[in-house]
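Notes follow once the structure below has been shown.
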Amino acid sequence: LKESKRAVNSLRDIVDDDDDDDLERVSWSGEPVGSISWSIKETASSSTSSLEGRDSSLQKGSSSYAAFPKQVSSYSLSSLFKGELCLFFSVFSDTGVKNYAPELRRPKTEYKDYSSDWSPKDTVRRMQRGKVCSLERFRSLQDKLVLLDEAVAGHDGNVITAVLIFLKRTLRREILFRELEVRQVALCHLIHFLKETGEQKLLLDLLRFLDRTEEVALSQYREHLNIQDVEKRREFLKVCIGLPFSAEDTSHIQDHYTLLERQIIIEANDRHLETAGQSEIFRKYPRKASILNMPLVTTLFYSCFYHYTEAEGTFSSPTNLKKTFKIPDKQYVLTALAARAKLRAWDDVDALFTTKNWLGYTKKKAPIGFHRVVEILQRNNAPVQVLQEYVRLVEDVETRLNLATKYKCHDVVIETYRDLKDRIQLTAYKCKVERGSAEEEKINSILNNMVRN
């Protein structure tokens, strides 16, 4: 307190008290209310003056004012610069002193937000503008339905949803379902809202009322996502197979159940092998996660990574998975290539694309295009020799040159320009290889042969 007083007294000497402004309202001391000078003087005088009775009130029309009663200030020094002492005079409103800092009031129209005389149309409009509106005044069924129709006519999804929540809370289910059946827009909003909020029981009751059997089945099927125990999930999926799905959806549910069964068997066997340390691949590449509840493509990648050489008769065999779930050739080749390239098993990669014709001749063929093969191999840091072998197999000349140049497959670039008999490009590419390298000698040899021919 002593330090504050000293600071206030020292500030008084440097504050300019002669600041006159006829447009500003003034306090008893003649200085603008809320100014630093006024705040300092009021605080300083309040610390030295004693409390006087309120009998010495002001006399009307006099040019000088009587001493105004003051209280000991409880404000800190920092509050002086925030204009907080303007409120000092408001406590003496009964003395006839005018309040120079009146409370800012809301516009009168704002108080109508809580009025009970808004029509459904006006209520919807105000909700669209973000105003607070009470819907409790709409008590009759007719008023509630008019309110819902106005919300739908306004094409504002948030307002429609808000009104539907109000109706869901205040109407019996049978009445709500019956009225929504003839209001398809509102019905779609409610179904989506129930799905998002997870109100499964009400959603199923609504779908059953509408006789949407397939949607009921799909909603029940979604419940498997909430089942954490793998055995219980498997049993639940087995029951779901008998639900009234369409033929296509029934096939998907059957595949889901079969895949989870396979994953349970593979997981149990691989966990045992990994724990016992009996498999070299599990020692070299420990598993990072469980295979349970993984998608089919992830399961295939896992199988190609850890069980690629297994016979087709085993559940974990990639070929068994391909046959059981009818995986397309493109998907199978892409997945197997990614898995074997990650292991740097280049012989397996070569065998993946090698085929024999009926005469016994071998040929490389890729259902995904060799340009994609090159990109996957490069992402897995394949050696240049392996990359060059597959870049050569790209049929389009421009694509082949772009890939060869991008991945520095010099031999492929040189051979392609040689086949095109493009002496200019060969000469230009000679500057891009190391001087004295085998590639430079190869370019010189080709250029010399072109001159002779």
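For this structure, a couple of remarks:
- Once segment 312-325 is narrowed to residues that are part of a loop (DSSP other than H, G, I, E, B) and more than 17 Å from T298 (Cβ to Cβ), the residue that is most open to solvent (accessible area, probe 1.4 Å) is E312.
- Every listed requirement among (1) open to solvent by 70 Å² or more (accessible area, probe 1.4 Å); (2) touching a Phe, Trp or Tyr at 6+ places or on another chain (Cβ under 9 Å); (3) in contact (Cβ under 8 Å) with a residue 40 or more places away in the chain is met by F209 save one, (3).
- When residues in segment 326-340 are screened for being surrounded by 15 or more Cβ atoms within 10 Å (Cβ to Cβ) and not in a helix (DSSP H, G or I), 1 of them pass.
- Test for I291: is it of a type in the set (A, V, I, L, M, F, W, C), in a helix (DSSP H, G or I) and surrounded by 13 or more Cβ atoms within 10 Å (Cβ to Cβ): no
- Condition met for I253 (touching a residue at least 24 places away in the same chain (Cβ under 8 Å) and either out of contact with any helix residue (DSSP H, G or I) (no Cβ under 9 Å at 6 or more places or on another chain) or loosely packed, with under 13 Cβ neighbours inside 10 Å (or both)): no
- Residues that are assigned to a loop (DSSP other than H, G, I, E, B) and of a type in the set (S, T, Y) within segment 297-311 comprise Y308, T309, listed in sequence order.
- Residue that is farther than 30 Å from L343 by Cβ and either open to solvent by 60 Å² or more (accessible area, probe 1.4 Å) or of a type in the set (D, E, K, R) (or both), where the choices are K365, K356, K421: K421
- Filtered residues of segment 112-159 (kept if in a helix (DSSP H, G or I), open to solvent by 90 Å² or more (accessible area, probe 1.4 Å) and at pLDDT below 85): K112, Y114
- Restricting segment 269-288 to residues that are more than 35 Å from the chain's Cα centre (by Cα) and loosely packed, with under 10 Cβ neighbours inside 10 Å leaves a set whose member that is modelled with the lowest pLDDT is G277.
- Residue within segment 429-443 that is touching a residue at least 24 places away in the same chain (Cβ under 8 Å), open to solvent by less than 30 Å² (accessible area, probe 1.4 Å) and not assigned by the TED database to the domain that holds D348 present: yes
The values are calculated or read from the model by the stated rules, or taken from the named source; none is laboratory data. Bear in mind the structure is a predicted one, so any value in this text is a computation, not a measurement. Every residue, glycine among them, receives a Cβ derived from its backbone with ideal geometry; neighbour counts consider all protein chains shown. Heads up: the accessible areas ignore ligands, DNA and RNA and are worked out on the full protein's heavy atoms, side chains in. Shrake-Rupley method; radii C 1.70, N 1.55, O 1.52, S 1.80 Å.
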